[in-house]
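Chemist: Below you will find the structure I want to go over with you.
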Amino acid sequence: MSHKAEAAFVPLNIAVLTVSDTRSLDTDTSGQLFVDRLSAAGHHLAARVLLKDDLYRIRAQVAQWIAEDEVQVVLITGGTGFTGRDSTPEAVACLLDKQVDGFGEYFRQISVADIGTSSMQSRALAGLANGTLVCCLPGSTNACRTAWDGILDEQLDNRHRPCNFVPHLKQAAPCGSRG
């Protein structure tokens, strides 16, 4: 149940990273779902990148966004499975100042309705780094939909009560407003 206070909505600057060895921007339905959902919610797309599943390239891209003043949230889809190439959690975990332990737990809990016991194989995680929320999610479009609709939509809305992530994020000017 959503509890929204009577405050003005604060749009966030959100970067989307898709990690895939097989997708292109044209076939990236998961990343596109995030772009569509964040835009519909009133947030700003700060950047969108697609990378092959390479631990160091993922880490470098996320570290760059964490260092940028404009990016407040990084949503990563893909690379969270158990294959030898899946390395998103390993690439990101060392960059985090604090992990949001409940994120992965709750994501797995709400995924049970769709995928049953397979939800325990999700290595979804989130954390804060330099005032940036970083969320790592599976690459399936359905998993991204579950994450947005079940967690992110409310937690990225400053009006959601009793708490949300917005007060913990760095303050940033809207995307494209650099002087």
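The values are calculated or read from the model by the stated rules, or taken from the named source; none is laboratory data. Quantities reported herein were computed from a predicted structural model and do not represent experimental measurements. Reconstructed Cβ throughout: ideal geometry from the backbone, glycine too, with neighbour counts over all protein chains shown. For the accessible areas, the whole protein counts, side chains as well, though only heavy atoms, and no ligand, DNA or RNA atoms are used. Shrake-Rupley method; radii C 1.70, N 1.55, O 1.52, S 1.80 Å.
Chemist: Under a 1.4 Å probe, what is the accessible area of the chain per residue, stated in Å²?
Modeler: Dividing the accessible area of the chain by its residue count gives 48 Å².
Chemist: Let me ask you something else. If you add up the charges near G79, with Lys and Arg at +1 and Asp and Glu at -1, over every other residue whose beta carbon is less than 11 angstrom from its beta carbon, what do you get?
Modeler: -1
Chemist: Among DSSP beta bridges whose residues both lie in the range 18-136, state the antiparallel percentage, nearest 5.
Modeler: Details: 7 of 14 bridges.
Antiparallel bridges: around 50 percent, rounded to the nearest 5.
Chemist: Test of the criteria: in the range 1-68, which chymotrypsin sites (Phe, Trp or Tyr not before Pro) are in a DSSP loop and have at most 16 other Cβ atoms within 10 angstrom of their Cβ?
Modeler: Here the chymotrypsin sites (Phe, Trp or Tyr not before Pro) that fit, given the DSSP loop and packing criteria, are F9.
Chemist: Compare H160, H168 by solvent-accessible area with a 1.4 Å probe and give them largest first, with all protein chains kept in place.
Modeler: Values: H160 15, H168 110 Å².
Sorted descending by solvent-accessible area, the residues read H168, H160.
Chemist: Take the alpha-carbon centre of the range 110-128, take the same for the range 20-78, and report the distance between them in whole Å.
Modeler: So the two Cα centres are separated by 20 Å.
Chemist: With contacts defined as alpha carbon pairs under 8 Å and 6 or more residues apart, what's the relative contact order of the range 19-65 in percent?
Modeler: Once normalised by length, the contact order is 51 percent.
Chemist: Please list, ordered by chain and number, the residues whose modelled amide H lies under 5 Å from the amide H of H160; skip anything fewer than 5 residues away on the same chain.
Modeler: Those lying under 5 Å, H to H, from H160 are A5.
Chemist: Now for a separate question. If I take R0 = 25 Å and measure r between the Cβ atoms of L45 and D21 in this structure, what FRET efficiency does the formula 1/(1 + (r/R0)^6) give, to the nearest 0.05?
Modeler: For L45 and D21, the calculated efficiency is 0.60.
Chemist: If the viscosity is 0.692 mPa s and the temperature 37 °C, what Stokes-Einstein diffusion coefficient in µm²/s follows for the chain when Rh is the Kirkwood radius over Cα pairs?
Modeler: 203 µm²/s
Chemist: Here's something else I'd like to know. From the phi angles alone, apply the Karplus equation (6.51, -1.76, 1.60; θ = phi - 60°) to the range 85-95 and give each ³J(HN,Hα) in whole Hz, x where the residue is Gly or Pro.
Modeler: Those phi angles translate into 8, 6, 9, 4, x, 5, 5, 9, 3, 5, 8 Hz.
Chemist: To the nearest 0.05, how large is the calculated FRET efficiency for D97 and Q121 if R₀ is 35 Å and r is the Cβ-Cβ distance?
Modeler: Once rounded, the FRET efficiency stands at 0.85.
Chemist: Using the Kyte-Doolittle scale, find the helices of the chain whose mean hydropathy is at least -0.5 and whose Cα atoms extend 20 Å or more along the helix's long axis, counting only whole DSSP H runs.
Modeler: Counting only whole DSSP H runs, the qualifying helices are 101-115.
Chemist: So what's the convex hull volume per residue for the Cα atoms of the range 1-107, in Å³?
Modeler: Cα-based convex hull of the range 1-107, divided per residue, equals 133 Å³.
Chemist: Assign unit charges at the C-beta atoms only (+1 for Lys and Arg, -1 for Asp and Glu), then state the dipole size of the range 1-131 relative to its Cα centre in Debye, rounded to the nearest 20.
Modeler: 140 debye
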